[in-house]
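Here is the structure we will look at, set down as structure tokens.
What follows draws every value from the coordinates through simple rules; no lab data is involved. Keep in mind it's a predicted model, so treat the numbers as computed, not measured. We place every Cβ from the backbone using ideal geometry, glycine too, and count neighbours over all the protein chains shown.
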């Protein structure tokens, strides 16, 4: 590293035994060092350690020096493939055109062992002979040879490349636990600095896709001071040579950021237009919207999404956003229509409201589809006997399961706190059997009502009188709280969710009488399975109905069924 050696002792971080075989002027010699022997000498406080000599005839070396490491430490065990990757990434002078070779089990390490060139989508390259980097990238979509590779105001030159990958996840290498999202600095064919990106505060999205290798031999000029730090892991950061290199790299990063954004936007648009419906829709957009649509598709293309379904969902929301924007522009245009010429502009008015109805129908259909999926998931889990926990979780999160008009609860922290104390007080009055029969209780304010939902354990059988006894306690307590807060007349509702029919429903008129009694107390009972069935029917009927959803709805459906991003 620079002009600093790593020393013989560093080898003991890898192996327990080290052998040196060497030949000079036909004279062979060698010795062996053992870590345990050195430790024993240290313990005995002897000042000198003498390695064991090796018989000259014991090795077949004819020229040069060989270092042999044996009894490797277990923590360093890796597969051959992982070791090849690590070594290939630390040297830039390997390959067919180089005179330096590294071999593992007799097989030379090559440039392809770096195992990342095939991931590069866009490439920026520097210096004469940089075509080789382009040739390594078998899946390259855009090649950018940079005209200048000499750092301004200096005679320093750089070679190498900077690339971006298609997905940021491509830069994670699980095999060797390595993050490839970095630009390494090579000096005289070997790694000198792990990542120059760390020295910049760049925060753009593009930085998550970067990988590169810059060779800067001027960092190790013989007649200048050694630039390597004593740790051998970095270079001295305030050295003028390194400052000049940083300025060059930063300028290139700014250029790459702009180019990358343009390329990704263009690719995003091309990919989105693979869906015929989007292509037709894009073609129909007014000119002033097309640039914005292209930018949106480009941003979607820049995002890392889990699946193509998620990408389609983003496209659908983008289309709806644009249609809403067009609708807003139409509303602004209505401001310019006077009463005198309104008759001549009735068609404009009709188009505005038709477009609004179209957008609302599409959005509602999307919501209903998601709700039906929630109900199906709930049904599947109920069938797997996960009833108590699952219903509790789903019911309190999705209040619309109990009543489609209950879209979401209103936040009332003060009331919730007071009601929680009320529940605690009421619990003290309940019998042991009453406490055991209850699974959980919840307070929400929805659709202007104060609602208390009580879940009964699925296996418990309760009666109408039992429920009325508890409902009366909640009712009286809640009324007092509302009077205290100056809202005595706000409506209440109590919902008891049970797993089995009430004990007094068995008679011919029992069910009807029970419902009427509970209704008089603003209460009702619903069974778990009934809850699921009713919710499913409510929303499934909408999906199965022939709906005149219009062009926006048709477009959204076409995105769902269209081919996207190489899908079959």
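Any idea what the relative contact order of the range 113-234 is, in percent, if you count C-alpha pairs under 8 Å spaced at least 6 apart?
23 percent
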Output the relative contact order of the range 59-169, whole-number percent, from Cα pairs under 8 angstrom with separation of 6+ residues.
-> 21 percent
Using only alpha carbon pairs under 8 Å that are at least six residues apart, calculate the relative contact order of the range 8-77 and give it in whole percent.
-> 45 percent
Mean Cβ neighbour count within 10 Å, used as a protection proxy, ranking 26-39, 48-61 highest first | 26-39, 48-61
Using only the Cα atoms of the range 473-540, build the gyration tensor, take square roots of its eigenvalues as a ≥ b ≥ c, and label the shape rounded, prolate or oblate: rounded if a/c is under 1.5, else prolate if a/b is larger than b/c, else oblate.
-> oblate
Gyration tensor verdict on the range 8-77 (Cα atoms; rounded if a/c is under 1.5, prolate if a/b is larger than b/c, oblate otherwise) = oblate
Please arrange 98, 496 by counting, for each residue, the other beta carbons lying within 10 Å of its beta carbon, fewest first.
-> 98, 496
Checked the range 116-263 against the a/c 1.5 cut and the a/b vs b/c comparison, axes a ≥ b ≥ c from its Cα gyration tensor; verdict prolate
